[in-house]
Protein chains: 2
Amino acid sequence: METNPYNTGLDRNPANYQPLTPLTFLERAATVFPDHTAIVHGALRRSYAEFYARSRQLGSALARAGIVRGDTVSALHANTPAMLECHYGVPMCRGVLHSINTRLDASIIAFQLDHAMSKIVIVDREFMPLMQEALSLASVTPLLIQYDDAEFAGPYMPVDAQNFEEFLAAGDPDLAWLMPEDEWDAISINYTSGTTGDPKGVVSHHRGAYLLAQGNALTTSMAKHAVYLWTLPMFHCNGWCFPWTLSAIIGTHVCLRQVRAEPIWNALADEGVTHLCGAPIVMSLMISAPDEAKRDLDHTVQFFTAAAPPPESLLADMKTAGFDVTHLYGLTETYGPAVVNDWHQGWSDLPPAEQVTLKSRQGVRYLALEGLDVLDPETMAPVPRDGKTMGEVMFRGNVVMKGYFRNPKSTQEVFAGGWFHSGDLGVMHPDGYIQLKDRSKDVIISGGENISSIEVEETLYRHPEVAVAAVVAMPHDKWGEVPCAFVELKKNAMVDEASLIGFCRENLAGFKAPKRVVFQELPRTSTGKIQKFILRDQARNIGAK
Amino acid sequence: METNPYNTGLDRNPANYQPLTPLTFLERAATVFPDHTAIVHGALRRSYAEFYARSRQLGSALARAGIVRGDTVSALHANTPAMLECHYGVPMCRGVLHSINTRLDASIIAFQLDHAMSKIVIVDREFMPLMQEALSLASVTPLLIQYDDAEFAGPYMPVDAQNFEEFLAAGDPDLAWLMPEDEWDAISINYTSGTTGDPKGVVSHHRGAYLLAQGNALTTSMAKHAVYLWTLPMFHCNGWCFPWTLSAIIGTHVCLRQVRAEPIWNALADEGVTHLCGAPIVMSLMISAPDEAKRDLDHTVQFFTAAAPPPESLLADMKTAGFDVTHLYGLTETYGPAVVNDWHQGWSDLPPAEQVTLKSRQGVRYLALEGLDVLDPETMAPVPRDGKTMGEVMFRGNVVMKGYFRNPKSTQEVFAGGWFHSGDLGVMHPDGYIQLKDRSKDVIISGGENISSIEVEETLYRHPEVAVAAVVAMPHDKWGEVPCAFVELKKNAMVDEASLIGFCRENLAGFKAPKRVVFQELPRTSTGKIQKFILRDQARNIGAK
């Protein structure tokens, strides 16, 4: 029996309850600021009225092609206007957007298409050969649509696919688009690039997308009419929800097909870009560009970085160049960034090295995330807040995924004990800021002692001639595992393996120093993450010798 | 049968679903920025750690005193730290905060206490005599707690009440405060000062408070660490949710017992206030202050105004004084402001008179409100977007109240047809901005023609010697009703009744000109709204003569 008088005769109804969805952001932006520039792409300028009309047209055309609630629409694109339109048009007919990483192998794409039961695939012309190969391997036979991007200069190959503009033109630009039936309905599916086993399909919902999209603006104080440059791939966790954030603040998207220094600097200077995101490698690319490619900026630019803590020299260079760098952290399972290195005013007065130490920490929860902690995964008890004791970073709240698609076992495991288990190992500092120490699988267990590969990497980064370092486990007869380092040196560097190992022994407990150092270019994912599983394979071969 | 594969095995659980509540904002602020100043009150400075600890203590003490989910805790306060603590401490034990307007009569307060079934009453010492009178008239016998504010200089009267600090001290500052069981649970009740019939208790929920509190920051681009001055009464719609907004952006509350020009100017200059809210009368008060009370400001201050469109000369004066004025609109039923006059950059280049015309419009929906329209209340069809056709302003979305407490009939009426009926009459401009033309009950029906009292008032305001004007219906033998104007003149003004009526006849259709003009000081509510029901009574007497 309900005894709370405040729950009697005070029920939800259409006047006081609507599903939360980021689709309402675009409707508002187009109604209030129809003429404001929503999208810049090369010479193309699209207003919010046009962006909204085209998104509705796409939603209408998809509905006419048979898409209903819970149907998957796949998208394989560079950072183009079409990709932005997919982020609105697909959910406007209650479809689920499946963004595909353009660097994947055809076989993995085929797996995703089949697993997501894709009904329609929209593909940028550049990636059509890849998609055709994937479709030849897949069981599903989705409707194929090709987008001809004006900024893609590659050769035109005849293909048996509908043209995106023609498909869209058949839709109704005045479509009364559909709100989700429930804010818990799926808005997207993104497959994680698991290093073992099949990829897992992370399902996000409208409620979480609404909250994280607003959270991006609130957490980082992004103001009305910000200008955002697309250096982060949109296929990566729905571009961290920024395709939706920009509509909330009536900002401008500056699209970019390729992450190269010159167009980045030109966009910063010519389009008045105020914000961009990327891994540290994007910063390196910008900073190491030849002087003639760089441009003078008349405003401070906010750079949101994730994936790895930015090295000290890079941070210093960025500061000099007029950038304010904020370190974010999250996973596909948390809609992108859900953790922010929330900066204290006083920290800016500390010596640069201390600032870098503070900036390398992942930080604290977004406002949109209700819980963030470092727990012992066995006992689920928080680790001591001492900055030393390792535990697993865990999340709880409204910006954690619905679960893994068609994978109840993994879903159950990853939510065990009422927390999302990130698989990342870290510590909790006394001030409540978390810091990653390793992925669970990246811990090196040597003679029963845990070695954090990040700790060894950080030591290597302190060597003046090391540009990039990655450390993985190498099998060892006596100790079980030992650290093996892979290193890219700076230009004209002269250091050799023995002296680098010696440098580590001077700065680390002896058992933590790498037993081998390999100089080579490191394998990276499309988002700039170092592919440690490839290095682990290499290290296994080295260790076996 | 569920056929949507994205709703299979992907249910809510504690890891991915938590009730939305603004209480999490304070927890985050206190954890991440414990030393940041949360509250300034005279010489008092309280950090976020202290604010959070005291709120938890209050929640703990209230729970020990028997407050459980759905119990009402009433608060009668000036804008003090205790009132801020009530906004967190009461819901932390799942109580419902009932803020009382300090200008009300004891009999109305007694009605509210009984209707809300108040269990505990927390009262500022200044208002204890009023509360004691109310309690002598009420049936309920709540626990009485008195707050002794250091900034209140009035005489101390012995009273049979618990001391707030002692009550609070018995609570646990480390209370593991309770999340709401459901985000739809009530967080507050606010009684509207209805001009006829009993006051209605507007019930707000945690979800709406979370969304509107964030909406304030997002809609107005309030950045991290903003400093907010409490010129708006906190008892008025929970201070438009700003007690919660400030925690979301880790800002600073500057409390203020009385709205007087000197402390306002001092706070702006000495505390670095960046934002404040109030009716146009607060602006008048600041602008008309003697020069020696004014202070030079080294930063632009955001002023959010509501209740009535600000007159042209006032806007010009505010601009000169370094303020950026934004016009907001909403009702208690919409958590305070849910509509914003969202300014277009290009409008700032228009002639001042055109800017004022644009600024007088109420505007467009907050991001947190899903629907805003002007509808024909009979047919529920939208009126033409012509800026002329009147209809009723209606709201739909997550920042509309749960309903009226213990009043199913009024609740049903006000939500008829799936929209919240505001009772305000207005028009929709071609660009989607709404403008109020009148309260339904303020329309003057003269010879079968509707006259907008606001239109007549706007005409009077254009007369150079008119300071404030209010127009209401006066009974008339021939025409049924005719307009009667009440006017405050500017200092040293010489205009008389006949020439003001003549001025209106020159600028309005003849039947719209007031038949009488009365020069007097206008009665106002505590929030600066002109009390038209008093003027209507006066006009009735004049017309009957």
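Only the coordinates and a few stated rules stand behind these numbers; no lab work does. No experiment lies behind these values; they were computed from the predicted model shown. Every residue, glycine as well, gets a Cβ built from its backbone with ideal geometry; the counts of neighbours run over all protein chains shown.
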Using the eigenvalues of the Cα gyration tensor, what equivalent ellipsoid semi-axes result for chain B when each is taken as the square root of five times the eigenvalue, whole Å, largest first? 39, 27, 25
Summing +1 per Lys or Arg and -1 per Asp or Glu among the other residues with Cβ less than 14 Å from B:A223's Cβ gives -1
For A:I451, enumerate residues with amide H under 5 Å from its amide H, sequence gap 5+ or separate chain, H modeled in the peptide plane. A:I444, A:I445, A:S446
Taking the Cβ of B:P309 as the centre, find all other residues whose Cβ is under 9 Å away and add up their charges (Lys, Arg: +1; Asp, Glu: -1). +1
Ordered by residue, what ³J(HN,Hα) values in Hz, to whole numbers, does the range B:420-437 give under the Karplus form 6.51 cos²θ - 1.76 cosθ + 1.60, where θ = phi - 60° and Gly and Pro are x? 7, 8, 6, x, 8, 9, x, 10, 10, 7, x, 8, x, 8, 8, 9, 6, 10
Footprinting exposure proxy for A:D317, B:D185, A:D342 (fewest neighbouring C-beta atoms within 10 Å first): A:D317, A:D342, B:D185
Sort B:R385, B:R207 by Cβ crowding within 10 Å, fewest neighbours at the top. B:R385, B:R207
Helix B:48-64 axis, angle to chain B major axis (alpha carbon atoms, nearest 10°): 80 degrees
If Lys and Arg each add +1 and Asp and Glu each add -1, what is the summed charge of the other residues whose beta carbon sits under 14 Å from the beta carbon of B:E521? +2
As a footprinting exposure proxy, order A:S188, B:S204 by other Cβ within 10 Å, with the fewest listed first. B:S204, A:S188
If one computes the Cα centroid of the range A:332-400 and of the range B:383-432, what distance in Å separates the two points? 44 Å
The set of residues whose placed amide H lies less than 5 Å from the amide H of B:H205, leaving out same-chain residues fewer than 5 positions away, is B:I187, B:K402
B:N163 to B:R45: FRET efficiency via 1/(1 + (r/R0)^6), r the Cβ-Cβ distance, R0 30 Å, to the nearest 0.05? 0.85
Amide H of A:S74 versus every other amide H placed in the peptide plane: which residues, excluding those fewer than 5 positions away on the same chain, fall under 5 Å? A:H98, A:K119, A:I120, A:V121, A:I122
Mean Cβ count within 10 Å, highest first, over the residues of peptides A:66-78, B:244-256, B:344-356: B:244-256, A:66-78, B:344-356
Work out the mean other chain Cβ neighbour count within 10 Å for the residues of A:245-252 and drop it here as an integer. 1
Net lengthening on full extension, B:Q531/B:R260 (0.36 nm per residue, minus Cα-Cα): 95.5 nm
For B:N507, place a label point 7 Å out from Cα along the Cα→Cβ vector, do the same in each other copy, and report the separations in nm, one decimal, smallest first. 7.6
HN-Hα J in Hz across the range B:16-23 - Karplus 6.51, -1.76, 1.60, θ = phi - 60°, x for Gly and Pro: 10, 9, 9, x, 6, 7, x, 4
From the label point of A:T320, set 7 Å along Cα to the beta carbon, how far off in nm is each other copy's matching point, shortest first? 4.9
According to a simple spin-label model (label point 7 Å from Cα along Cα-to-Cβ), what is the distance in nm between A:D270 and B:A223? 2.8 nm
One can check that the equivalent ellipsoid of the protein assembly as shown, built from the alpha-carbon gyration tensor with semi-axes equal to the square roots of five times its eigenvalues, has lengths in Å, largest first, of 54, 34, 28
Provide the FRET efficiency to the nearest 0.05 for the A:E455-B:D35 pair, computing r from the beta carbons and using R0 = 30 Å. 0.50
Shielding by partners for B:32-39, please: the mean number of other protein chain Cβ atoms within 10 Å of each residue's Cβ. 3
Difference of contour (0.36 nm per residue) and Cα-Cα distance, B:R524 to B:S107: 148.2 nm
Along the range B:242-250, Karplus-curve 3J(HN,Hα) (6.51, -1.76, 1.60; θ = phi - 60°) to the nearest Hz, with x for Gly and Pro, reads 5, x, 8, 4, 4, 5, 4, 10, 6
Using the 7 Å Cα-to-Cβ label point, sort the distances from A:D376 to its equivalents in the other copies shortest first and give them in nm to one decimal. 7.1
Using only Cα atoms, find the angle between the long axis of helix A:128-137 and the longest principal axis of chain A, and express it within 0 to 90 degrees, rounded to the nearest 10. 90 degrees
Can you give me the three principal axis dimensions of the range B:443-544 from its C-alpha atoms, in Å, biggest first? 37, 33, 21
Stretched fully, the stretch from B:A416 through B:D11 gains (0.36 nm per residue minus C-alpha distance, one decimal, in nm) 142.5 nm
May I ask you to order A:368-379, A:156-167 by the average number of other C-beta atoms within 10 Å around their residues, highest value first? A:368-379, A:156-167
